[in-house]
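J.: Once you've had a glance at the structure underneath, I'll fire off some questions.
FYI, it's all coordinate maths here, none of it is from the lab. Remember, predicted model here, so these are calculated numbers, not experimental data. Cβ atoms come from the backbone with ideal geometry, glycine included; neighbour counts cover every protein chain shown.
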Amino acid sequence: MKTPIILGIESSCDDTSAAVIWGRKVLSNAVASQKIHENYGGVVPELASRAHQQNIIPVIHQAIHEANIRKNQIDAIAFTRGPGLLGSLLVGASFAKSLSMSLQVPLIEVNHMQGHILAHLIEDADKEAVSFPFLCLTVSGGHTQIVKVINAFDMEILGETLDDAAGEAFDKIGKLLGLNYPAGHLIDKLAKSGDENRFAFAQPKLDGLKFSFSGIKTSVLYFLQKEIQKNPDFVQENLNDLCASVQKTIVNALMVKLKSAIEQTKIKNVAIAGGVSANSKLREKIKELEVAHGCKTFIPRFEYTTDNAAMIAIVGSLKYEKGEFADLKTVVSARYGI
Ligand code: KG4
Ligand code: ZN
């Protein structure tokens, strides 16, 4: 079989992205992030779908142009079916359907979470290619899961969050600290010159491999309220130490469960995925598993951590090889399990 060229389209949340992949090699990966949500401290679904409508054509043009291909070289169109915001998903899915009809090529539906995980199969995603089975800590603004990845299409969720996702915790605490949305990367940056042992926040205590992050947020909220009463400038004066301490608490909570999963499953290939996997502290702690637990770790390149269409295109490529196509009646799905 000739190596297929797949156009991937991702529009599940607040990034409009299009990518072209040739087998497992990414030829382009264009992303238009929506700045408008910064003013609201979180994604406003109605505004997100409108922005996707504005961005989708230019982003697809950009991806095709940067890949240096012609439209008629595309073998299939892969799009995110879910999970995500319905209005946002509809823009990408409807565009994908129209384009597949006009180019007369097949359509492939992709699960966004599978995309985050299978981004590791992109040719240049990691220093070394990931091997199955592996454990994947998938941490984004909407999800926190430990997934046992037996092969590309056989995955089992071993544990997930009961309330907020790890990225949501970063973003909500960032808002309490007066930082713009999304705050994860800002907290990461500010934490670099802070003392992570300065403040202690409540660590979640849950059985098994379940996560919870709402308690950390509440603990930070009450602490700040108390300190601001004494000193109104408390946050500004201690911002770096606050960020470092919050980051340490969230990353610890993730690592405790990931280590339990390694012990339980005896799987030593460990990967991270999703927007929060861009976090430098988390990356450092994952790397430490190599010496402390004899693990092999897989940390993706930054462009494949936050939402991007290359991760949708790689799943498209794998499904194309299996002949797994969608039809024009496929509907998007806000909740869509892996
Ligand atoms: O995967 P993603 O782009 O979108 C979702 O599917 O949710 O993840 C976005 C999340 C946001 O919560 C953002 O704050 C977080 O990833 N994030 C980070 C960092 N970069 C992005 N969190 C911590 N540290 C970072 N460096
Ligand atoms: Zn995502």
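J.: Can you bin the stretch 129-299 into rounded, prolate or oblate? Criterion: square roots of the alpha carbon gyration tensor eigenvalues sorted a ≥ b ≥ c, rounded for a/c under 1.5, prolate for a/b above b/c, oblate for the rest. Don't skip to the answer; put the middle values down first.
T.: Working: a/c = 2.25, a/b = 2.00, b/c = 1.13.
Prolate is the answer for the stretch 129-299, as a/c is 1.5 or above and a/b outweighs b/c.
J.: Let me ask something additional. At what distance in angstrom do the alpha carbon centres of the stretch 228-307 and the stretch 157-188 lie from each other?
T.: 12
J.: I want to verify a result. In a Gaussian network model of the chain, Cα cutoff 10 Å, which of these has the top mean-square fluctuation: 146, 69, 122?
T.: 69
J.: Now for a different question. Just want to confirm a number: the relative contact order over the stretch 129-299, from Cα pairs under 8 angstrom separated by 6+ residues, in percent. If you can, show how the numbers build up before the last one.
T.: Values: 312 pairs, mean separation 47.8, N = 171.
It comes to 28 percent, rounded to a whole number.
J.: Within 10 Å of each candidate Cβ there may be at most 14 other Cβ atoms; applying that plus a DSSP loop requirement, which trypsin sites (Lys or Arg not before Pro) in the stretch 39-129 survive?
T.: Values: sites: 50, 70, 71, 81, 97, 127; in loops: 70, 127.
Taking the stretch 39-129 and a limit of 14 other Cβ atoms within 10 Å, the loop trypsin sites (Lys or Arg not before Pro) found are 70, 127.
J.: For the chain, what relative contact order do you get, as a whole percent, if you take Cα pairs closer than 8 Å and at least 6 residues apart? Mind dumping the intermediate values first?
T.: Values: 743 pairs, mean separation 86.0, N = 338.
RCO, the chain: 25 percent.
J.: Starting from the Cα gyration tensor of the stretch 1-150, take the square roots of the eigenvalues, sort them a ≥ b ≥ c, and report rounded, prolate or oblate (rounded when a/c is under 1.5, otherwise prolate if a/b is larger than b/c, else oblate).
T.: Oblate.
J.: Under a Cβ-Cβ cut-off of 13 Å, what is the net charge of the residues other than residue 327 that fall near it, where Lys and Arg count +1 and Asp and Glu count -1? Walk me through the intermediate numbers first.
T.: Numbers: positive: 81, 97, 329; negative: 109, 324.
Around residue 327, the charge tally is +1.
J.: First check a/c for the stretch 226-338, with a ≥ b ≥ c the square roots of the eigenvalues of its C-alpha gyration tensor; if it is under 1.5, answer rounded, and if not, answer prolate when a/b is larger than b/c or oblate otherwise. Before the final figure, lay out the partial values.
T.: Working: a/c = 2.72, a/b = 1.58, b/c = 1.72.
Oblate.
J.: Which net charge results when you count Lys and Arg as +1 and Asp and Glu as -1 among the other residues whose beta-carbon is under 12 Å from that of residue 63?
T.: Numbers: positive: 71; negative: 10, 66.
In short, -1.
J.: Treat every Asp and Glu Cβ in the stretch 50-154 as -1 and every Lys and Arg Cβ as +1, leave all other atoms uncharged, and give the resulting dipole magnitude about the Cα centre to the nearest 20 debye. All intermediate terms of the calculation are to be shown ahead of the outcome.
T.: Working: 7 positive and 8 negative charges, 88 e Å.
Roughly 420 debye for the stretch 50-154.
J.: Taking each full run of DSSP H in the chain as one helix, which ones are at least 24 Å long along their axis (Cα atoms) and have mean Kyte-Doolittle hydropathy of at least -1.0?
T.: Numbers: long enough: 45-67 (31 Å, -0.26); 86-103 (25 Å, 1.27); 214-230 (25 Å, -0.15); 239-265 (39 Å, 0.40).
Long hydrophobic helices here: 45-67, 86-103, 214-230, 239-265.
J.: Let me ask you something else. Would you mind ranking 318, 258 so that the residue whose beta carbon has the fewest other beta carbons within 10 Å leads the list?
T.: Values: 318 21, 258 26.
Ranked by crowding around the Cβ, least crowded first: 318, 258.
J.: What is the dipole size for the stretch 129-299, taken about its Cα centre, with +1 at each Lys and Arg Cβ and -1 at each Asp and Glu Cβ, in debye to the nearest 20? Can you show the working numbers first?
T.: On the way: 21 positive and 19 negative charges, 53 e Å.
Dipole size: approximately 260 debye.
J.: Same structure again: On a C-alpha basis, how far is the centre of the stretch 79-149 from the centre of the stretch 200-214 in Å? Whole number, if you could?
T.: Using only Cα atoms, the two centres lie 28 Å from each other.
J.: Could you pull out the GluC sites (Glu not before Pro) across the stretch 106-211 that fall in loop regions by DSSP (anything but H, G, I, E, B) with no more than 10 other Cβ atoms inside 10 Å?
T.: Listed in order of number, the matching sites are 128.
J.: Now a separate question. Binned at 10 Å from 0, what are the whole-percent values of the Cα-Cα distance distribution for the chain, short to long?
T.: 6, 26, 32, 23, 10, 2, 0
J.: By counting other Cβ atoms within 10 Å of each Cβ, how are 214, 28 ranked from fewest to most?
T.: Values: 214 15, 28 21.
Starting with the residue having the fewest Cβ neighbours, the order is 214, 28.
J.: Using the number of other C-beta atoms within 10 angstrom as an exposure proxy, rank 13, 295 with the fewest first. Please list the in-between numbers first.
T.: On the way: 13 25, 295 21.
Ascending Cβ contact count within 10 Å gives the list 295, 13.
J.: Same structure again: Counting Lys +1, Arg +1, Asp -1, Glu -1, what net charge surrounds residue 147 among other residues with beta carbon under 13 Å of its beta carbon? Intermediate results must be reported in sequence, preceding the final value.
T.: Working: positive: 148, 257; negative: 154, 156, 160.
Summing Lys/Arg as +1 and Asp/Glu as -1 gives -1.
J.: Moving on to the next point. Simple spin-label model, 7 Å along Cα-to-Cβ: residue 334 to residue 33 in nm?
T.: Distance between the two pseudo-spin positions: 2.6 nm.
J.: Oh, and also: Treating only the Cβ atoms of Lys and Arg (+1) and Asp and Glu (-1) as charged, compute the dipole magnitude of the chain about its Cα centre; round to the nearest 20 debye.
T.: Values: 36 positive and 36 negative charges, 61 e Å.
In debye, rounded to 20, the chain gives about 300.
J.: Can you pull out the trypsin sites (Lys or Arg not before Pro) in the stretch 217-316 whose DSSP state is coil and whose Cβ has at most 15 other Cβ atoms within 10 Å? Numbers along the way, then the final one.
T.: On the way: sites: 217, 226, 230, 248, 257, 259, 266, 268, 281, 283, 285, 287, 296, 301; in loops: 266, 268, 301.
Passing sites in the stretch 217-316 are 266, 301.
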